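S.K.: Questions regarding the structure given below will be posed in turn.
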Amino acid sequence: MLVGGGVFLGLTIAEGICRWAKVDRSRQPESVWGIVLRPHNVHRFRKTAQRQEGDPYIERHPTLGWTVRREGASQDGLYFSDERGLRVPAPKESETPRSATTASFRIAAFGDSFTHCDEVPYADSWPARLQEILGKQVEVMNAGVPGYGTDQAYLRYLHRADDLESDLVICGLAIADMKRNVNIIRALVGEWTSFTKPRFLLRGETLELVNSPAANAEQLIELVERRDPLLELDFWFDPSDWQREWLARSDLFRLVRSVRSDRQTQRRLYTATSEPTLVTAAIVKAFHRAATQRNDRFLCLIIPGRPRLKNIAPRDWQPLQDQLIEAGVPLLDPTEELHSVRKSPQLFAPNGHFRRQGNEILARLVAEWIGPEAVAPPTPR
C-alpha cells in the first residue's frame, strides 16, 4: 500500500509540474518544456476559427486550405500583399505598383514560410534579395504562404499560373514540408489552427487529392467526433488523442505519448520507402511536369531549417533528393553554405526562420543557378 501510495503521489506531483510548465497560447499548440503536446480538445477548433476569421492577412480557401488575402496586411505591420495575393513591400516602400512593372523575365516563388520569409521585412526576404541581384528587368513574385506544404504550393501554382505568367517557377521545399505533405488536420503538425489542408495520396504512380474542398472548423469537429475514415488518411491522426477518458486529459500522459510518438515517427519519416518521402517526391515531380508543360523553367530549392544544419552528414532528406535527381528534377541544395555559418547569431530569427544573412545566401545561389544570360533583355534588332 505504501508503494502504491508513493507511486500515486509521484504521478500527481508530475502531473502538477506538467500543468504548471505548460504553455498554452491561442496561436501556438500546447507545449511543455518546448515539447508540443498532441491536441485533444476538438471543440477548441470552433473558438480558433472565430479568431482566424478576423485575420487581415491570411484567409481560409476551399481549394488550398488557406491563402494570403488580396491587398492584405498583417496585424503586426510586417507583411503586405497586393491585388494578386503576393507578398510585396509596404506601400510606402514600393516605388511602382507591381502590376505596372514591365519586366522581361518573371520568376514566381512558391512554398511555405521559408519562401514567404516570415519574421523579416520584405526587403530581407530571399525573393526581394534575388530581385535586387538580378535587376529591374526581372520581377520576382513571392507566392509563398505561411504554414504551407509542398502540396499546397503546387496547387497554388496550378490555381494562379495563368495570372502570374512566369518564366521560371521556384518550389521552395523546406524539409519540414515532408511532414505536412501527409497531413490533413494542420494542428497535428504545428501551429494551433482550425485550418485543414488538402493532401495527395499516392496510388501507384498517380496522385489522388483528398479533403478537397478543405473541411472548415465545424466540419472538422464532425469528422473527429464520428471518426470519419477521411481522418485515417492523415499520417499523424491517432483516434486515441481525442478520447474523453480521464487519462487522455492528463498533461503528463500527453507529454509521454508525444515524446514516444515523435521518436517513433522520426525514425521512419525520411527513409526511401516512407510515405512522406514518396508522396513529396511525387508532388515535386508533378510540379515540375506542370511547369514544363507551360514552358516555365523549374527549380526545386531545398531549404533546411535550423535543426537540419547541426549535422549534415548524412542528410535526413538524401533519399528524397536522390529520387528527385533520378527523375531529372532541377535541384539546388544550399545546405553546405548555410551549414558553414550555422553558428552566426544573424542567421536565424527567434522562431527559426532565416534572417537577412540566410536569405542572402539563398538569393545568391539561386541567381548563380539562373545565370545572367537567362534574364538578359532581348537584343534590339
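S.K.: When a/c is below 1.5 the answer is rounded, else prolate if a/b is larger than b/c, else oblate, so apply that to region 44-372 with a ≥ b ≥ c taken from the square roots of the Cα gyration tensor eigenvalues.
M.R.: prolate
S.K.: So, one more: Apply the Karplus parameterisation 6.51 cos²θ - 1.76 cosθ + 1.60, with θ equal to phi minus 60°, to every residue of region 287-295 and state each ³J(HN,Hα) to the nearest whole Hz, in sequence, with x for glycine and proline.
M.R.: Result, ordered by residue: 4, 4, 5, 4, 5, 4, 5, 8, 6 Hz.
S.K.: So how many Lys-Lys pairs in region 44-372 land under 30 Å Cα to Cα, not counting same-chain pairs under 8 apart?
M.R.: 10
S.K.: Related question: By how many nm would the segment from residue 12 to residue 318 grow when fully extended, if each residue of separation counts as 0.36 nm and the alpha-carbon distance is taken off?
M.R.: Gain on stretching residue 12 to residue 318: 105.7 nm.
S.K.: Inverting the mean 1/r over all pairs of different Cα atoms, compute the Kirkwood radius of region 73-198 and quote it in Å.
M.R.: Value: 15.1 Å, from the Cα pair sum.
No lab work stands behind these numbers, since they all come straight from the coordinates. All values derive from a computational prediction rather than experimental measurement.
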